[in-house]
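Here, each number is a calculation from the coordinates, and none is a lab measurement. Please read all numbers here as calculations on a predicted model, not as lab measurements. Note: ideal-geometry Cβ built from the backbone for every residue, glycine included; neighbour counts use all protein chains shown.
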Amino acid sequence: MERKQLSKVFFTLCLMLLSGIQVGFAQGTSEYPTGINPNPTDIKLEPSSLNLRIHEKARLKATVQPSGANQDVTWEVEEGSNVVSVDKTGLVNAKAVGKATVVVTSTVNTLVSKECTVTVRNPVESDVSKLNNLIYIEKQDLHPGTTATLSFQMKNNAAIRGFQFDMYLPEGISVVKNSNGRIMAELNPQRLPDDDVHTLTIQEQADGGIRFLCSSLYDNKFDGTSGEIATLKVTIAENVQDGNYPIIITDMKLTETDINNFYETPYLMTTMNVSSYILGDVNRDGKVDVSDYTGVANHIMGMPQEGFVKQAADVDGNGKIDVSDYTGIANFIMKGFFSGKSSLRKSRRLAGIEDNYLYVQDKELQKNAKKDVEVTLTISMKNVAPIRGFQFDMYLPEGISVVRNNSGRIMAKLNSERLPEDDQHTLTVQEQEGGAIRFLCSSLYDETFTENDGGLLTLQVNISKDLDPGEYKVFLRDMKLTETDISRFYEADEVPFTIKVMDGDAIHDIRAAEEDGVIYDLSGKAVSNPNQQGVIIVNGKKIVNK
């Protein structure tokens with residue numbers, strides 16, 4: 001044979017000999033000669049399956065079998081590379097909803113491998129009310145084509161000195177950078193201790209996350225136990241569709257000065273609503289001004305206009321358009337924000353309506369058989385809260401109607417004794433389809449009504465001459481009283497009262513007759529003084545005036 005062929009045969013024989021030695025030791029002993037490792041035969045993979053949420057991470061552990069075998073492995077996504085990624089250490093990162101298969105393979109024997117099935121699901125919004133010592137993003141509405149400021153709140157009962165977390169923004173929402181390419185974010189000075197420096201570093205990561213790192217240089221903790229800790233500017237692309245979008249925070253760690261005392265939150269999600277309207281911009285002209293203020297008032301009063309955007313008008317987020325929104329838009333025009341606070345909180349119906357409501361005391365009225373009688377109803381307000389505005393519907397029974405002036409306006413007015421000095425409260429009253437009389441009132445100067453009980457306004461009504469005597473129920477419905485902070489309000493579905501209508505007595509008959517000039521004494525002589533004592537004749541009837 002040629003020398004080259006002999007060398008090849010010799011090399012093959014050596015490999016066969018070494019393989020035999022490895023097999024022999026693997027089958028007969030648990031130890032191997034120095035420098036000789038067993039051939040990999042299997043991989044133990046933990047866990048064998050994963051359930052993750054988007055942007056959640058988990059590390060897989062692979063142990064090559066048998067013991068003593070070379071532990072070098074490779075990781076790859078065999079199916080679903082758009083769903084997850086995996087790095088060289090076995091760290092799996094969920095990217096999108098779906099299923100994927102991650103495979104680990106021995107580098108010594110590529111025929112030895114194991115699979116892990118990964119299921120990625122949509123995350124559920126986190127309930128931060130049940131957690132502590134964490135940072136979360138406050139919910140707000142975002143709008144395509146605009147820049148917004150995200151508010152990071154820190155809730156803590158520990159002495160927190162520093163924090164770290166990764167944030168993931170949905171597609172179409174991105175961080176704002178300055179001319180140097182730095183991400184624009186800053187700490188809230190109100191939570192920083194005096195004479196201290198807290199550093200804040202923010203950097204984009206390879207997987208798309210935005211990493212935040214913050215700590216005190218002088219061993220000081222943050223002030224307070226709740227409230228805004230930092231802000232971040234973001235832009236919302238013009239092509240982002242209306243809908244709810246998740247912003248996710250992962251791998252959060254808050255630490256005290258003692259580095260052995262720390263608090264971890266692996267995963268948090270906040271849902272942001274993206275809408276193609278600007279809150280308060282009900283006519284969609286790109287700004288919030290008097291047109292929107294007027295539009296909301298018209299809508300409340302039953303005069304909807306073409307192009308009115310209901311979602312934009314619902315500035316307090318309670319799902320309906322009412323006095324809180326009317327007040328909120330006035331706040332925004334005059335102050336630059338919708339609520340009485342620095343940022344709008346989720347609206348809520350407050351307890352205590354029994355202490356904050358409008359009412360009318362039961363009333364006795366006397367009719368006139370010849371003509372309608374005009375009377376005054378006093379609507380009172382009982383309140384312990386600082387009420388700035390109100391809204392309600394009044395339902396009058398048939399035969400009792402509102403009085404209108406020459407311009408057709410319903411005659412009602414506020415009681416000056418319950419109005420603060422140097423203020424102006426608007427009052428609009430309008431009849432609705434179905435017969436309800438709607439009242440809408442709010443202060444133009446952010447003032448609240450004075451006193452805590454008593455007459456708030458009066459309404460002129462007519463008692464028809466044809467109305468039968470009896471008791472009639474009147475209802476105040478869909479009542480809402482709001483504070484200047486429009487997230488604080490008080491509602492009542494229905495507050496009833498009773499009007500008792502009686503036949504006119506002698507005095508009413510006399511006064512009616514006096515106007516018609518038909519009062520006589522027993523001799524048939526006209527009487528000029530209807531209050532004189534004795535027997536007089538009114539409309540053909542003898543009346544004893546005592």
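Some points to look at:
- Normalised by the number of residues in region 169-294, the average gap of Cα pairs under 8 Å and 6 or more apart makes the relative contact order 22 percent.
- Per-pair calculated FRET efficiency, R0 = 56 Å: S48 and D355 via Cβ, rounded to 0.05: 0.40
- Simple Cβ-charge dipole of region 290-344, Lys/Arg +1 and Asp/Glu -1, about Cα centre, in debye nearest 20: 160 debye
- When the chymotrypsin sites (Phe, Trp or Tyr not before Pro) in region 175-233 are filtered for DSSP coil states and for at most 13 other beta-carbon atoms within 10 Å of their beta-carbon, the remaining sites are Y218.
- Remark: L279, L457 ranked as L457, L279, counting other beta-carbon atoms within 10 Å and listing the fewest first.
- Shown is the FRET efficiency for D251 and Q366, computed with R0 = 60 Å from the Cβ-Cβ distance and rounded to the nearest 0.05: 0.20.
- Based on alpha carbons, the Rg and Dmax found for region 392-432 are 13.0, 40 Å.
- When peptides 188-198, 239-249, 386-396, 311-321 are sorted by average Cβ neighbour count within 10 Å, with the highest value leading, the order is 386-396, 311-321, 239-249, 188-198.
- Region 400-473 - Kirkwood radius from inverse mean 1/r over Cα pairs (Å): 14.5 Å
- Estimated FRET transfer efficiency (N39, T149; beta-carbon r; R0 60 Å; 0.05): 0.50
- If the Kirkwood radius is taken over C-alpha pairs of region 353-502, then at 37 °C and 0.692 mPa s the Stokes-Einstein diffusion coefficient equals 205 µm²/s.
- Label-to-label distance, S380 versus T225, with points set 7 angstrom from Cα along the beta-carbon direction: 4.2 nm.
- Simple spin-label estimate for D446 and T117 gives 6.0 nm between the two label positions (7 Å along the Cα-to-Cβ direction from each Cα).
- Peptide packing for 486-496, 167-177 was compared via the average number of neighbouring C-beta atoms within 10 Å per residue; ordered from the highest value, the list is 486-496, 167-177.
- Among the chymotrypsin sites (Phe, Trp or Tyr not before Pro) found in region 410-481, those both in a DSSP coil and sparsely packed, with 15 or fewer other Cβ atoms within 10 Å of their Cβ, are Y445.
- For region 141-197 and region 379-397, distance of Cα centres in Å: 42 Å
- Measuring between alpha carbons in the structure, the pairs from K130/K287; K177/K287; K320/K473; K320/K363; K88/K155 lying more than 31 angstrom apart are K130/K287; K320/K363; K88/K155.
- Over the Cα atoms of region 47-104, the radius of gyration divided by the Kirkwood radius equals 1.01; this is the Rg/Rh ratio.
- Listed residues Q153, N132, S113: farthest to the positive end of the dipole of region 82-224 (Cβ charges): S113
- Here the label points at R404 and D127, each 7 Å from Cα along the C-beta direction, are separated by 5.3 nm in the simple model.
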